Amino acid sequence: MNQSDSLKKLGQSEYYKCPLPHVHPRHEQAFFKNFETHFSTFKTREDHFAVLKLHEEIAWELRRSESEKRSLNEDDLRRISLEAWLEAIKKQTGQPIGIIARK
């Protein structure tokens, strides 16, 4: 999956699959549509908290860099946050986030 594929909007039956281990990997807890919600829910786990923290650092740097070039709107901030989530997950786990279709 390349970066442009992962930045597309998820379809109604598509979900991100968390690459970090979950007690029941095929259970609902491993699949999500919203990064903030998923990683905040599991922030008591060290692995998820590390990704959350790394996301904040990456997002801050991306936002700072982009805001020096131009004024940012809400769409820019959402894109920056998504890019930061994808990069944080890849840096922390060594693998990109997966997208799966579920019924």
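So the check is Cβ under 8 Å with 6+ separation or different chains; which pairs have a first residue in the stretch 34-57 that's within 12 Å of Cys18 (Cα to Cα) and a second one that's in a helix (DSSP H, G or I) and polar (S, T, N, Q)?
As it stands, the answer is Phe35/Ser81; Phe42/Gln29; Asp47/Gln92; Val51/Gln92; Val51/Thr93, since those pairs meet every condition given.
Suppose we keep only residues that are over 23 Å from Phe42 (Cβ atoms) and of a type in the set (Ser, Thr, Tyr) within the stretch 53-88. Which one would you say is surrounded by the fewest Cβ atoms within 10 Å (Cβ to Cβ)?
Ser71
Give the stretch 1-39 a look and list any residue that's part of a helix (DSSP H, G or I), under 14 Å from Ala88 (Cβ atoms) and at pLDDT 90 or above, or say none.
Scanning the stretch 1-39 gives Phe35, Glu36, His38, Phe39.
The values are calculated or read from the model by the stated rules, or taken from the named source; none is laboratory data. Because the structure is a prediction, the values reported are computed rather than measured. In this analysis, Cβ positions are derived from the backbone assuming ideal geometry, glycine residues included, and neighbour counts consider all displayed protein chains.
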